Structures are given as C-alpha cells and as structure tokens.
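Q: Sharing a structure here in structure tokens format.
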Amino acid sequence: MGNTKIINESGGPHKKYRIRVKVSAAYGVDTKQVRKVLMDVATQQQGICQEPEPRVRFRELGDSGLHFELLCWIDEPVLRGRALDAMNEAVYKKFIEEGIEIPYNKQDIYIKDLPNFK
C-alpha cells in the first residue's frame, strides 16, 4: 500500500468528472444519425451536466463497426458507475428505437471445393 498512487477525485478546483461511453455502430449507418442520437441521449439523461456540454467523437473504423465515444460530465465522481450504467442503457434502447445496428464479431467461411464423396 505504501507504493500505491492515491487520487482524491472529489477534491481540487473542479468536482465534475468526465465519463466516456464507448459505442459501436454497424458499417453503412449514417454517422450524422449516430451523432444526433448520442447527443439526444446525453442531453436528456438525468445527472449529465450540460456545462461543459457533451460531445461525440468518431474514434475508429473498427474490424466489425464504427467506433464512437460520447464524452459527458457528471457532478459527482462517486456516481460514475451509475451514470455510465444509465447512459449505456439509454443508448442501447435509443439505438433499437432508431434502427441503428450494434455490430458484433462475425466470421464468414468460404469453401473453395467440396470433397468428392462416393
């Protein structure tokens, strides 16, 4: 314990804490729609600060989908687990409602030749 780094997350000049909601959407989706849906969720979610305002970043063209990150601020660092849980739930429901597919790893197998069975 003597070599452990201790961080007082509730002290300092700012009490707010930033949470990162990582989200993937399937290739072919309208990126503007994804950005709008994520911002709508962030602005409507209780406990998310509007100052500084939430923002969406398109982070990566992944193997199975497009990776986005929703950056939000909350007032109390101790509530980050609850806030992230609520945001994930809200994003998932909104993606279903809007018809945005959440990708998952898939593998296609191609068979060049079938063996000759007699």
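Coordinate-derived values only; no laboratory data. Remember, it's a predicted structure, so these values are computed and weren't measured experimentally. Every residue, glycine among them, receives a Cβ derived from its backbone with ideal geometry; neighbour counts consider all protein chains shown.
Q: Relative to the first principal axis of the alpha-carbon coordinates of the chain, what is the inclination of helix 31-44, with its axis defined by its Cα atoms, in degrees from 0 to 90 and to the nearest 10?
A: 30 degrees
Q: Can you list the aspartates and glutamates whose alpha carbon is less than 20 Å from that of K16, not counting same-chain residues fewer than 8 positions off?
A: Output for K16: E51, E53, E69, D75, E76, D85.
Q: On a 0 to 90° scale, report how tilted helix 80-98 is relative to the longest principal axis of the chain, with both axes built from alpha carbons and the result rounded to the nearest 10.
A: 40 degrees
Q: Mean-square fluctuation check for the chain, GNM, Cα pairs under 10 Å: which of E97, E53, E69 is largest?
A: Of E97, E53, E69, the most mobile in the Gaussian network model is E97.
Q: How large is the Rg to Rh ratio of the chain when both quantities use alpha carbon positions and Rh follows Kirkwood?
A: My calculation of the ratio gives 1.20.
Q: May I pose another question? Calculated from DSSP H runs of 4 or more alone, at -39500 (n - 2.57) each and per residue, what is the 222 nm mean residue ellipticity of the chain, nearest 500?
A: Mean residue ellipticity at 222 nm (helix-derived): -9500 deg cm²/dmol.
Q: Say each of K106 and K15 gets a label point 7 Å from the Cα, pointing the same way as Cα to Cβ; how far apart are those two points in nm?
A: 4.8 nm
Q: Related question: Could you pull out every residue, at least 5 positions away or on a different chain, whose amide H is within less than 5 Å of the one on R59? Hs are placed 1.01 Å off N in the peptide plane, and Pro or chain starts have none.
A: H67, F68, E69
Q: Dipole magnitude of the chain about its Cα centre, charges +1 at Lys/Arg Cβ and -1 at Asp/Glu Cβ only, in debye to the nearest 20?
A: 280 debye
Q: Run down the lysines and flag those whose C-alpha is under 20 Å from the C-alpha of K5, throwing out any fewer than 8 positions away in its chain.
A: Correct list for K5: K15.
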